[in-house]
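Pasting a structure below so you can have a look.
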Amino acid sequence: MGGTTPIYAGDAEMNAAMGDARRAHHALCIELQRSGARSTLIPILLACVAMLQPNALFAEMIPVRHTEGLIHGFLLVLTFEGKALADGQMTQDAQGDRVTNHLIFRFKDGSIYDDTTRFSQRGTFRLLSDHLSLRGPSFKRPVDTSIDASTGQVKVRYTDDKGKEKVIAQRMELPPDIVNGLLFTLMKDVNPSVPRTTVSMVVTTPKPRLVKLAILPQGKEPFTIGSFRHEAMHYVVKAEIGGVTGFLARLMGKQPADTHVWVLGGEAPAFVKAEGPFYEGGPIWRIQLASAGLF
């Protein structure tokens, strides 16, 4: 989950729709000129076009409220109905202000989710690199994504519908608030009193693109661990696609599903649970803490 976000309509479908929109825009301009109504209708046209412009939501760096250190935790992936799908573990090591986090899930059908994230925590959290690999029948397609945040280099290896391996290598202008592989770490430091926190993420369709994530606190909810009662802050994470692509995604019902995250607050905040899709159009899966087996 660290490096995943729901993906949108396929590029071919989107490109066709965008072409239709551009042609309609051009035809409308010609018609306005012919009719002599340009002076009165142009403001309406401009307002419509403005709706299709890239989303300019402000993105922000997350301050380090709790310094990250050594972690070795165990997790489960379950269906929304509670059926166990995968076992996972997270290991994390910190050397000075540099942190390496490794999250792996091994699915019962042999599928693998493997994400290695390196980041710095000098005042604010900042991604250095992320390498995410998804393979096996639990995922829509095998994909391997590498991000070098310092250079903006993004490489995506994937298998197309015909079983042929392809590579996309692209240099992107990445903002400093990229959260690939960092989302669950950052959730412990998001200020719950702020009604909206916005960050950025690279998603692959398989072509890489930049989207905004809006983190919205929903209030505290009680939960228990044995005889201990606690409260977790519930957050909704919404992917917000700007420009024509986002407009068409909403129009065609391709808006990504929300991800829900629960975080224990206090002096030692901790991840409790998350619910959301792992890939484009995928089912809603739950990640939660695992209990130790008998030994």
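The values are calculated or read from the model by the stated rules, or taken from the named source; none is laboratory data. Since this is a predicted model, take the numbers as computed values, not measurements. Here the Cβ is made from the backbone with ideal geometry for all residues, glycine too, and neighbour counts use every protein chain on show. In case anyone asks, the SASA skips ligands and DNA or RNA and just uses the protein heavy atoms, side chains included. Shrake-Rupley method; radii C 1.70, N 1.55, O 1.52, S 1.80 Å.
Would you pick out the residues in region 116-137 that are touching a residue at least 60 places away in the same chain (Cβ under 8 Å) and open to solvent by less than 20 Å² (accessible area, probe 1.4 Å)?
Hits for region 116-137 are Thr117, Phe119, Phe125, Asp130, Leu132, Leu134.
Could you say which residue among Arg141, Arg209 is surrounded by fewer than 16 Cβ atoms within 10 Å (Cβ to Cβ), closer than 19 Å to Pro277 by Cβ and out of contact with any Gly (no Cβ under 8 Å at 6 or more places or on another chain)?
None of the other options fit; the residue is Arg141.
Restricting to region 153-167, and then to whatever is of a type outside the set (D, E, K, R) and surrounded by 15 or more Cβ atoms within 10 Å (Cβ to Cβ), can you tell me which residue is farthest from Thr205 (Cα to Cα)?
The residue in question is Gln153.
Moving on to the next point. Please state which of the following conditions Pro176 fails to meet, knowing it meets all the rest: (1) under 21 Å from Met201 (Cβ atoms); (2) open to solvent by less than 20 Å² (accessible area, probe 1.4 Å).
So Pro176 meets the others, but not (2).
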